[in-house]
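K.L.:
First, the structure itself, so that you have it in front of you.
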Amino acid sequence: MSNYKKTIGIEVHCELKTNNKIFSPALSNYGSMANTNVNVIDLGYPGTLPVLNMDVVKLALKACKVLNLNVSRKMHFDRKNYFYPDLPKGFQITQALTPIGTHGYIEVTKKDGTKKRIDILEMHIEEDTCKSVHGEKNSLLDFNRAGVPLIEIVTEPCMETSEEAVLYLTKLRELLLYAGVSDCKIEEGSMRCDTNVSISKTEEWGTKVETKNIGSISNVGVAIEYEAKRQEEILESGGKIIPETRRFDDKSLSTISMRVKEVGNDYRYFPEPDIPYLNIDDKFIDDNTNDLVRMPDERRESYKEAGINPINIEKIIANKDISDYLEKFLDINLVVASNLLLGDIASYLNKNDVTIDKTHLTDSKFRDLVNRLDKNEISNKIFKEILVDLMENDLSIDEILSNKGLNLVSDKEEIKKTVSEILDKYSDLVNQYKSGNERASKAIMGMIMKETRGSLSPALANEVMMELLNE
Amino acid sequence: MSKYIDKSLNEIHEALVKGEIKPVDLVNECLDRINKNNLNAFITMNDKVIEEAKELEKMEVPKDDLFFGIPIAIKDNIMVNGMLCTCASKILSNFEAIYDAGVIDLVKEHHMLIIGKTNMDEFAMGSTSETSYYGTPINPWNKERVPGGSSGGSAVSVAGRLVPLALGSDTGGSIRQPSSFNGIVGMKPSYGRVSRYGLVAFASSLDQIGPMTRNVLENANLLNVICGKDDRDMTSVETNEDFTRLIGKPLKDFKVAIPNYFLSDFVDSEVRNKVLEIKEMLEKNNVKVDMVDINHIDMAVILYQIIAMGEASSNLARFDGIRYGYSYPDPENLEDLYLKTRQYGFGNEVKRRIMVGSYILSGENAKIYYSKAMQIRDDLQKSFKKIFSEYNLIIGPSAARCAYPLNSGKDDPLHCFMDDILVMHANMGGFPCISIPIGFNSEKLPIGLQILGNNFDEATIYQLASFIEKELNLDLEGGKVSE
């Protein structure tokens, strides 16, 4: 066990899910051909001016809400001045002095069951730079990314283990995803995590080292452990930690030095004169956050109460589309509904590569289906038979069943007639039951379903059978 | 050749409506004068202007559009799609605009004909147009004297009667001072009145585009059509008024203030006396004129140096040789590309201001200088606002002296700032301010009066300006070129 205590802070950049860029009308999306989502503003052409996309502010306010941040009521943007080819104007428009959110937190639950509050220092809005692709002889620039809106979320140096860091990022990602703020796809760069790690034997912090380029949340944990070990080895062998920026290499699972931190980096910040100060009042905050959906923890509670097993709960939460879909059906049997969505329906959707809203399974049809399965009005076997029709036809469940000759008889008198005929036919089984073999009822029920090809309502048939047997 | 171009805008318009002349005739008159008299007013001519003028013949002249078919000159820091936009700098000497500025959209909407792009100080940094990469434009009143700046080419083109209208830009007097040196009317509108979209930024919080014309009425009319809210400039504002509406109205209960500072010792005595003559004339016409003191009025030059230089150092960072403009052809590495592109691409005055601005925003200096300057700027605006609560307008000389000899400020970088000492208050407070000619000095050089109004009160400025213009009835054709 190491004598050193780790101190960890995390900076996360997330691309906001707006249609357009933060200061230009160009589209903001991923995967377009290079330099197609570009206009004169993104290129930093002389004479162009930034026009703030208010959707950016609205999404950022949602993020503030789910991260418990205080909203700056009077905020402005600042210019961060430096030269680099990926920075078309020679400055980045960001928020240095009045970040939109300050002093928030999120709470995580550790493996041992204890809770830990992770403090967030601030969250600010800024524009992304363009993407450089370095070749052997030259470098190419893709301006599609220039001006894509970002939020940067900076924690206090308040984490002590890589577990806390991983839990924080998992939770953060979940919240931002559910708030509809960002896609949070690390592999596409829409979520980027940088860590600051220092180690110390005393209360005083050690020298912090930044690690960038970490390609997954679990690798953040790996990078922190590697970095702490690397620093410990240096200190133990009498060395000194130099403040630097390193990058994570996912092949060797180690960190590699990129550059030594320049002393007194001078970004010459000053308020962006082309964007007026923005006043944000309670009404504006409410108007833009009251459509927030329920966050994952609240949903977990509902699922737990409904009796969904823990494994399935996490499966649902991990698939926001399914969870969002379920939000419409909180009043029906969630176990049945979630089993369908995680099971047969999920297989159908995967197989056919469609989303549920593109099928013919309307909300009312789904509700009907779950209720009938719940009340045993449809057997699982019949459900499997009609699944494709449910998804691909514009017909009600009754219409599908009758087309297939699978209409369930639910008229009690009619059922009674059919069941007594079958009981007559299988009198030996009936006798077995009557002489005390209770399990014989199961066999009789099987015969009823077989003889009627499952055309009777199972629940009613069972009820009628028991009545007749016990007469 | 008929001299329609010298007639008033109303008369030209009438002749167009009646079919006496066509837009192309006006264009030819302008081009003829420009070609015969080399005032170096233009950096780039519009080689399609004849074609564009003939295109207008297909349309009926709209009776309600005073500007249909009227030639106009545009300062070369305003984007006109398809034309070079050099800002009089080597670094943009090959830069062709690929979009129209907000004002150019309006100029084209009203079917004005863009004759060319006018000469100026490099990136509008200077007071004499001598920092231009393309040589200094010539003051048509006296070739040995500076034309003023930075909108020197625009001022010269109107004073020389090469064109009836021009657009300039004003960050610290760049419309008003050359207007004053050239005996024309130049207005810096309220900050936000005219869209800055497509104006190459010098100091974003001070820059404003404005009209430069032969007389007050035409100036107000031109402002009427170039102003307005532009969704591409967040600092622009909606305008729903006619700036000519008070012209000719009596100056009832009118009160005007003259700051003592505006008549200090540094102001040339001939200029000072001319302003005092105006004071007397106004008083004779029952206008109350008071000498006043205004807090912080002496701070304007210092504030300008800090705010304008700071913003400029950031605004000009984009000229790095990577995407457009001059790029040093054979750099050793990235840093070398930046250094050499900017070393050879920018002139000395621009480099000086970028260096000062970078220093001002550097580290702790941002607090010591820039933030402090912004506070004092607020106070300065408030102390002017206080005057406007008691007086309709503030007047004073546009420049401390008349056009001075060429090259006189060469070895003294502070020289030109001190010369603009009277005009920067309007930019600091975002106030509208006009310069109008009020006479001549003993060397027959024009003297300008500036009239400063409260924010968005251009109409009252035009009212007083037009009254003075009418009372003086000056012959201002002394700068007109020969034919």
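K.L.:
Only counting other Cβ atoms within 10 Å, I'd like A:347, B:154, A:200 sorted with the fewest neighbours first.
P.N.:
Values: A:347 11, B:154 40, A:200 16.
Fewest to most other Cβ atoms nearby, the residues stand as A:347, A:200, B:154.
K.L.:
So what is the calculated 222 nm ellipticity per residue for the protein assembly as shown, using -39500 (n - 2.57) for each DSSP H run with n of 4 or more, over all residues, to the nearest 500 deg cm²/dmol?
P.N.:
Using -39500 (n - 2.57) per qualifying helix, the result is -11000 deg cm²/dmol.
K.L.:
Hey, another quick one. Relative to the longest principal Cα axis of chain A, at what angle does helix A:440-451 sit, 0 to 90 degrees, rounded to 10?
P.N.:
90
K.L.:
Pairs of alpha-carbon atoms within less than 8 angstrom and 6+ residues apart define the contacts here; what relative contact order does chain B have, in percent?
P.N.:
18
K.L.:
Using unit Cβ charges (K, R positive; D, E negative) and no other charged atoms, how large, in debye to the nearest 20, is the dipole of the protein assembly as shown about its Cα centre?
P.N.:
980
K.L.:
Oh, and also: For a footprinting-style exposure proxy, rank B:87, A:14 by other Cβ within 10 Å, fewest first.
P.N.:
So the ranking, lowest neighbour count to highest, is A:14, B:87.
K.L.:
Report the far tail of the P(r) of chain B, meaning the percent of Cα-Cα pairs longer than 29 Å.
P.N.:
45
K.L.:
Moving to a separate point now. With angles folded into 0 to 90 degrees, how steeply does helix A:296-306 sit against the dominant principal axis of chain A? Use alpha carbons for both and round to 10.
P.N.:
On a 0 to 90 degree scale, this one is about 20.
K.L.:
Of the cross-linked pairs A:62/A:283; A:229/A:261; B:75/B:188, which ones have a Cα-Cα span greater than 18 Å in the structure shown?
P.N.:
Details: A:62/A:283 14 Å; A:229/A:261 21 Å; B:75/B:188 14 Å.
Long pairs (Cα-Cα over 18 Å): A:229/A:261.
K.L.:
Sum up the charges of everything whose Cβ sits under 13 Å from the Cβ of residue A:293, counting Lys and Arg as +1 and Asp and Glu as -1, but leave residue A:293 out. It would help to have the intermediate numbers written out before the result.
P.N.:
On the way: positive: A:62, A:65, A:294, A:299, A:320, A:328; negative: A:174, A:291, A:297, A:298, A:321, A:324, A:327.
Value of the local net charge: -1.
K.L.:
Another question, then. Can you tell me the dipole magnitude for chain A around its Cα centre, using point charges on the Cβ only (Lys, Arg +1; Asp, Glu -1), in Debye to the nearest 20? Please list the in-between numbers first.
P.N.:
Details: 62 positive and 78 negative charges, 165 e Å.
That gives chain A a dipole magnitude of about 800 debye.
K.L.:
To continue, here is another question. Among A:103, A:63, A:379, flag the residue with its Cα farthest along the positive direction of the charge dipole of chain A, charges on Cβ as +1 for Lys/Arg and -1 for Asp/Glu.
P.N.:
So the residue we want is A:103.
K.L.:
Shifting gears a bit: Charges on Cβ only, +1 for Lys and Arg, -1 for Asp and Glu, centred on the Cα centroid of the protein assembly as shown; of A:277, B:267, A:90, which one is farthest towards the dipole's positive end?
P.N.:
About the Cα centre, the residue reaching furthest to the positive side is B:267.
K.L.:
Using the structure shown, select from A:365/A:450; B:3/B:63; B:117/B:382; B:90/B:274 the pairs with a Cα to Cα distance greater than 32 angstrom.
P.N.:
The answer is B:117/B:382; B:90/B:274.
K.L.:
Dipole of segment B:177-240, Cα-centred, from +1 at each Lys and Arg C-beta and -1 at each Asp and Glu C-beta, to the nearest 20 debye?
P.N.:
Computed about the Cα centre, the dipole is about 140 debye.
K.L.:
Contact order normalised by length for chain A, with contacts defined as Cα pairs under 8 Å and 6 or more residues apart; what percent is it?
P.N.:
Contact order relative to length: 14 percent.
K.L.:
So, one more: For residue B:303, what is the net charge nearby, where nearby means another residue's Cβ is under 13 Å from its Cβ and Lys, Arg count +1, Asp, Glu -1?
P.N.:
Net charge around residue B:303: -3.
K.L.:
Report the antiparallel proportion of the DSSP beta bridges in the protein assembly as shown as a percent, rounded to a multiple of 5.
P.N.:
80
K.L.:
Which ordering of A:299, A:117, B:196 is given by a fewest-first count of other beta-carbon atoms within 10 Å?
P.N.:
A:117, A:299, B:196
K.L.:
Here is a follow-up. Considering the dipole of chain A built from charges on the beta carbon (Lys and Arg +1, Asp and Glu -1) around the Cα centre, which of A:146, A:135, A:322 is farthest to its positive end?
P.N.:
Of A:146, A:135, A:322, it is A:135.
Rule-based calculations on the coordinates, nothing more; no lab input. In this text the structure is predicted, and so the values were computed from the model without any measurement. Counting neighbours? That spans all protein chains shown, and the Cβs are built from the backbone with ideal geometry, glycine included.
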